[in-house]
Protein chains: 2
Amino acid sequence: MEIVVQKYGGSSVKDPDRIKNVANRIKLRVKEGLKLIVVVSAMGKTTDNLTKLAREISPDPDPRELDMLLSTGEQISAALLAMALKDMGVKAISFNALQLNISTTPEHNSARIVDINTDMIFEKFSYYDVIVITGFQGINQRGDITTLGRGGSDTSAVALAAKLNVPCEIYSDVDGIYTCDPRLHPEAKKHFYITYDEILEMAALGAKVLHSRAVEIAKKYKVQLYCASSFTDEEGTRVVDELPEWLEKPLVSGAAISENQMKITVFNVPRDENLLARIFKKLSENNLNVDMISMVPTGDKMALSFTILETHKKNIEEILRESLNEFEDFNISYDGEYSKISVVGVGMRSSPGVAYRFFEAVARAGAKPELVTTSEIKMSCLIPKEKANDVLKEIVKEFNL
Amino acid sequence: MEIVVQKYGGSSVKDPDRIKNVANRIKLRVKEGLKLIVVVSAMGKTTDNLTKLAREISPDPDPRELDMLLSTGEQISAALLAMALKDMGVKAISFNALQLNISTTPEHNSARIVDINTDMIFEKFSYYDVIVITGFQGINQRGDITTLGRGGSDTSAVALAAKLNVPCEIYSDVDGIYTCDPRLHPEAKKHFYITYDEILEMAALGAKVLHSRAVEIAKKYKVQLYCASSFTDEEGTRVVDELPEWLEKPLVSGAAISENQMKITVFNVPRDENLLARIFKKLSENNLNVDMISMVPTGDKMALSFTILETHKKNIEEILRESLNEFEDFNISYDGEYSKISVVGVGMRSSPGVAYRFFEAVARAGAKPELVTTSEIKMSCLIPKEKANDVLKEIVKEFNL
């Protein structure tokens, strides 16, 4: 029995016509002799609309009841897709997370999958060819419905594929993974192969290709991932552990801009690792995602810089002053209106020339780097936001993206 | 622990404001020290909209998947109501039929409740004051979601009340049960007490006050039923087994019109009980609801009349001819454009004068009865539809309704 997991996103099932289109694509694969597990998201804007309804009831909706509410979105698309398949003569059946016993951690709105009981799936495959499953949701030990957070349907699909040790196909309205955002840069090129690590760096850059948690699971369990469009038959992108030998490895496989960055610098505080830990713990407790951390020692003092999203700047001063209340003589500067530009590529590991070419491209566009951070396969630079597009153009040219 | 079951219909929870209104009403009862089980229908037109969506997918949607789809409607309102209650500081929690294990017969779209495991309810009441439950749905032995058919939320509520042996309150946008439709007849009077039997006859007449199956269960288990509006604080109607002794029993407690009636008469067929059974079995197999059956023997032959809804007349000729194919010389007449007018009342049992006063009222309106049927507490008469309102006016006057 050859099994494949497929996942269809919200735009792929946004109305009855698109659902029938998906059913047709599934039918073709069933005719090839495959058994399919199909994970679906909620139709189009359903989740947003349900969230809006909840906020009309309460400014701070109870998390358990919010999950009870939101989980209906995927149940609607799962039932409709199974209906469409049965109408075409395909042996299909839909299940929700309660019926399939997809167990998760206890917390609501951002639970993590703990285990999936696959016995029922194998039992159902003795008769059915397609099992349609509600993505994005599970149940915790109390029997309450949980949801996995934004992009959680990708996670559901990859977790199922990992558990069953079968390939996973993720369908959306984008026909694969590009070197940079093809809507903004028509010259962007599609990757036919890309590594988990590159995608992880890309996802963090906001490329919105795949949910990071799904890729983490795929990497951990070496799930064969394939991303393509449900709207066309264009070949998509295969996500792999290592690029195939025959493929010429590009130095840089992608570039992206993150907007609305704010740089915060704390001057003249003691150079103390406990203090560093305390500051970032405090920020994390306040759900502030910190990026581009950079520390410059000056004797037994230090200057510490990092970036946050400008939308998160509320309370930041108060939080910092709380961590620093035992010191005097320190200064904090807050500078907004920056963008972060990054390049990613496994080829960077073995090629020392990327850094200077990257900075040359930045300089050619007339931008002055404010902060620089690097990882093994990524290099990022904070620049004034008005220069961001010029820099990206120079980078796309320089690395032939 | 004093428990009450409440049920709120679709118009009572049709938008966030109405849901908050319901939550406020519930909160007042909790303050009185009650524990509440609240059964909710889907918001406003949700079920109709989901059904429409299903028909866009398939002209004949798979019944199992249709139930999977429709059951989301009640889950949405249950989650939102629990959210509103928690937001007001009420200890509330919502459950769907899977979580509560409300078991039903196997068939989809019109299942019947078999049992309800109330252990979980008592366990939850040790902490929570309000348990919000999705009406209209259950699960069958295969673990599939089933629905109970139109008006099924009434059935869910009454079944829970019967199982727990507690009172049941049904809230809708009508503030009780009237002698005839108050929207058409402003002179209609409200019943403060009415018997199960009268309601059963009224429901069959299309008075749409309460779902008949719910009343059947209430009658069987002697559930204290109370029907009122969630929009006002007007006193509603108590449904009881026998009217209280102190209440003057009216002869006739209600009158109603059923429209779109068609009379069918088969002349000159053998007077044979097997033939009668065969005809009505055939009609039933084709889901044709037959009403007002009347048989007049003429020697060893008979004339057989009955009514159906005009909307069901498709295929009726073919079905009848199939049952009669061994005979010759018979005739069938099909006459449409009739209405059925009925009066109901437990007082009729002990009072022989109702029939003549009924026929006098019909005659005063200048209507000629086409068919007459009677039960112990009901009397119905088929008349040309253009006379229906005049007849109803005369009846309302005659019996002081």
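Tilt of helix B:46-57 relative to the longest C-alpha principal axis of chain B, in degrees (0 to 90, nearest 10)? Helix B:46-57 sits at roughly 70 degrees to that axis. The same position A:Glu56 in the other copies lies at 2.0 nm from this copy, comparing label points 7 Å beyond Cα toward the beta-carbon, shortest first. As a proxy for reagent exposure, B:Phe95, B:Phe399, B:Phe231 were ordered by neighbouring Cβ count within 10 angstrom, fewest first; the result is B:Phe231, B:Phe399, B:Phe95. Listed from fewest to most Cβ neighbours within 10 Å, the set B:Lys340, B:Lys45, B:Lys31 follows the order B:Lys31, B:Lys45, B:Lys340.
Residue-wise HN-Hα couplings along region B:138-147, as the Karplus relation 6.51 cos²θ - 1.76 cosθ + 1.60 with θ = phi - 60° gives them from phi, are x, 10, 9, 5, 7, x, 7, 6, 10, 10 Hz; Gly and Pro carry x. Summarising the strand pairing of region A:3-240, around 30 percent of its internal DSSP beta bridges are antiparallel. Summarised in one figure, the compactness ratio Rg/Rh of region B:254-399, Cα atoms and Kirkwood Rh, is 1.01. Spin-label pair B:Ser110-B:Val372: with each label point 7 Å from Cα along the Cα-Cβ axis, the two points sit 3.2 nm from one another. Each other copy places its own label point for B:Pro369 at 10.0 nm from this one, sorted shortest first, where the point lies 7 Å along the Cα-to-beta carbon line.
Charges were assigned to the Cβ only: +1 to each Lys and Arg, -1 to each Asp and Glu. The resulting dipole of chain A about its Cα centre is roughly 820 debye.
Here region B:3-240 yields Rg over Rh of 0.95, to two decimals, using C-alpha coordinates and the Kirkwood radius. First check a/c for region A:1-130, with a ≥ b ≥ c the square roots of the eigenvalues of its C-alpha gyration tensor; if it is under 1.5, answer rounded, and if not, answer prolate when a/b is larger than b/c or oblate otherwise. Taking the square roots of the gyration eigenvalues as a ≥ b ≥ c, region A:1-130 is oblate. Rounded to the nearest 5, the antiparallel percentage of DSSP beta bridges internal to the protein assembly as shown is 65%.
Going from the fewest other Cβ atoms within 10 Å to the most, the residues A:Met83, A:Met302 appear in the order A:Met302, A:Met83.
Qualifying chymotrypsin sites (Phe, Trp or Tyr not before Pro) in region B:115-190, where qualification requires a DSSP coil assignment and no more than 10 other C-beta atoms within 10 Å, comprise B:Tyr127.
A simple spin-label model places the labels of B:Gln224 and A:Gln224 6.7 nm from each other, with each point 7 Å out along Cα-to-Cβ.
Restriction of the trypsin sites (Lys or Arg not before Pro) in region A:264-316 to DSSP coil positions whose beta-carbon has at most 10 other beta-carbons within 10 angstrom yields A:Lys314. Across B:Ala54, B:Ala111, B:Ala361, mean-square fluctuation computed from a Gaussian network of chain B (C-alpha pairs under 10 Å connected) peaks at B:Ala54.
Applying the Karplus relation 6.51 cos²θ - 1.76 cosθ + 1.60 with θ = phi - 60° to region B:365-372 yields 3J(HN,Hα) values of 7, x, 9, 9, x, 9, 8, 9 Hz, where x marks Gly and Pro. For region B:221-232, 3J(HN,Hα) computed residue by residue from phi via the Karplus equation (6.51, -1.76, 1.60; θ = phi - 60°) reads 9, 6, 6, 5, 9, 9, 10, 8, 9, 8, 9, 9 Hz, glycine and proline entered as x. B:Arg357 label point (Cα plus 7 Å toward Cβ) to equivalent points in the other copies: 10.1 nm, shortest first.
When chain B is treated as a Gaussian network with alpha carbon springs shorter than 10 Å, the biggest mean-square fluctuation among B:Leu160, B:Leu81, B:Leu28 belongs to B:Leu28. Within region A:50-161, DSSP assigns beta bridges of which about 55% are antiparallel (rounded to the nearest 5). Helix B:354-364 and the longest principal axis of the Cα set of chain B meet at an angle near 70°. Compared with the dominant principal axis of the Cα atoms in chain B, helix B:273-285 is inclined by about 40°.
Coordinate-derived values only; no laboratory data. From a predicted model like this one, the values you see are computed outputs, not experimental measurements. Backbone-built Cβ (ideal geometry, glycine too); neighbour counts: all protein chains shown.
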